[in-house]
Amino acid sequence: MKRKASKILSAAIIVLYVSLLIVSSTSLFSISSTLVGSLERVEDVRFDSTMNPLTGVVDLAVRVPIRNRGIIEVNVSVAVKLVSADGTVVAEGSDSRRIGPGETEELLVVATFLRGTVDGADLSFECRAFFDLVGLSFSMRVETPTEGYPSP
Amino acid sequence: MRRVLKAVLSASFYIILFSILPSLSLWLLPPEFKSYVLLIKDYTSIDVQFMITVALVVGLILAGLSFAKNMTYEWSIMNLTVALFSEAVGFYISLFLLGLGNPQSMGLINIPINYGEGATATLNLRFIAILDIVIMAVSAAKSVVNFYYARKERPA
C-alpha cells in the first residue's frame with residue numbers, strides 16, 4: 001500500500017516538474033524571441049498621419065510588424081493612448097493578433113484626435129504565450145512631437 | 001556507510017545547483033556581458049548579485065536539510081519535519097527566483113524601468129507559480145504518506 005501511494009505521488013511530482021519545465025521554457029523562449037525579433041525590425045514601424053485642414057482632425061495610423069521566432073503561438077497586443085497636458089485621454093487605439101511560430105504579422109493601431117490637444121502618448125506592448133497564461137508587457141509614456149500639428 | 005554516502009551526494013547536489021552554479025556562471029561571463037548584468041540594477045529593481053547571494057545561502061540550507069533527512073529514519077518525526085521544512089525552503093527559493101528577488105509577487109512581477117517617464121515591464125508568471133504550489137503540496141503529501149506508512153511498518 002505504501003509503495004503504491006508513494007509511487008503515484010512520485011509519478012505526479014515528475015509529471016508536474018516536466019510540465020513546469022515545458023511551460024516555462026517554451027513560453028519564455030517564444031516571448032523573448034518574439035520580442036527580440038520585433039525589436040530587430042523596430043525601424044520598420046511606420047507612422048502615417050493625415051490631417052483635415054478644415055476641421056483639424058488628425059488620423060494617426062501606427063503599423064507595427066511583429067515576428068514570432070518562438071516555437072509556440074503568441075498573442076501580441078499593442079495599444080496607444082494619446083493624452084493631453086492634464087493627463088486626459090484624448091484618443092486611444094489598440095490591436096492584437098495571434099501569431100504562429102515563424103509567422104510575421106502587422107499590427108495596426110489607429111487613433112483620431114484634434115490637432116494641438118495631444119501632449120504625450122502612453123505606449124504599451126504585451127506578448128502572451130501558452131493559452132495566454134504566461135506573459136510579458138511593457139508600457140511607457142513618450143512626449144509627442146508637436147511641430148507637425150501646431151495648436152490652433 | 002551507504003546512508004552517509006547518499007546523504008552527502010544529496011547535499012552536494014543542492015550545493016552545486018544553488019550555491020556553486022549561479023556564482024560560477026556570473027564569474028565565467030565575459031567581462032562586458034557581466035557589466036551589463038550588473039547594470040540591470042541601475043535601470044530596474046532587479047539585483048542579480050543579491051539573488052545569487054540568496055541562492056547561495058538557500059543552497060546551503062537545503063543541503064543541510066537534505067543531509068539531515070537522509071541521516072534520520074523515515075519513521076522519525078525529525079525526518080518528517082525536515083522533509084516539510086525542506087519543501088517550504090524549496091518553495092521559497094522558487095518564488096524568490098520567479099519573482100526576480102521578490103517572493104511576495106507570487107509570479108506577477110512589476111519592474112519599474114529607470115528609462116523614460118513611467119516605463120514599466122510586467123512579467124506574468126502566475127501559472128508557473130501555481131504549478132509550483134501544486135508541486136510543493138504533492139511533495140509534502142508524499143512526505144506525510146511515507147512517514148505514515150513507515151511508522152506503521154516500523155519494527156517494534
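The values are calculated or read from the model by the stated rules, or taken from the named source; none is laboratory data. From a predicted model like this one, the values you see are computed outputs, not experimental measurements. Ideal geometry is used to build each Cβ from the backbone, glycine not excepted, and the neighbour counts take in all protein chains shown.
If you check A:21, A:54, which single one turns out to be hydrophobic (A, V, I, L, M, F, W, C) and either in contact (Cβ under 8 Å) with a residue 12 or more places away in the chain or within 14 Å of another protein chain (Cβ to nearest Cβ) (or both)?
After ruling out the rest, the residue left standing is A:21.
Filter the range B:103-119 down to the residues that are free of Cβ contacts under 8 Å to residues at least 12 places away in the same chain and surrounded by 15 or more Cβ atoms within 10 Å (Cβ to Cβ), then identify the one that is nearest to residue B:142 (Cα to Cα). Only one residue tops the list, namely B:103.
Looking at B:88, B:150, B:140 in this structure, which one is touching a helix residue (DSSP H, G or I) at 6+ places or on another chain (Cβ under 7 Å) and assigned to a helix (DSSP H, G or I)? Just a single option satisfies the conditions, and that option is B:140.
Residues in the range B:116-127 that are touching a Leu at 6+ places or on another chain (Cβ under 7 Å), within 7 Å of another protein chain (Cβ to nearest Cβ) and not in a strand (DSSP E or B): B:125, B:127.
For the range B:137-155, the count of residues that are under 15 Å from the mean Cα position of the chain (by Cα) and among the charged types (D, E, K, R) is zero.
Could you tell me whether any residue of the range B:14-36 is farther than 30 Å from residue B:74 by Cβ, assigned to a helix (DSSP H, G or I), small (Gly, Ala, Ser) and in contact with a helix residue (DSSP H, G or I) (Cβ under 7 Å, 6 or more places away or on another chain)? The answer is yes; a qualifying residue exists.
Of all residues in the range B:1-52, those satisfying the criterion of being among the small types (Gly, Ala, Ser) and surrounded by 14 or more Cβ atoms within 10 Å (Cβ to Cβ) are B:7, B:10, B:11, B:12, B:19, B:23, B:45. Cβ-Cβ contacts under 6 Å between residues 6 or more apart (or on different chains), taken from a first residue in the range B:42-62 that is on the phi > 0 side of the Ramachandran plot to a second residue that is at pLDDT 90 or above and small (Gly, Ala, Ser), are absent.
When we screen B:130, B:113 for residues that are touching a strand residue (DSSP E or B) at 6+ places or on another chain (Cβ under 9 Å) and within 13 Å of chain A (Cβ to nearest Cβ), the only hit is B:113.
Listed here are the residues, each with its yes/no results for (1) away from every other protein chain (no Cβ under 14 Å); (2) closer than 28 Å to residue B:128 by Cβ.
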residue	(1), (2)
A:48	yes, no
A:59	yes, no
A:96	yes, yes
A:101	yes, yes
A:111	yes, no
A:116	yes, no
A:131	no, yes
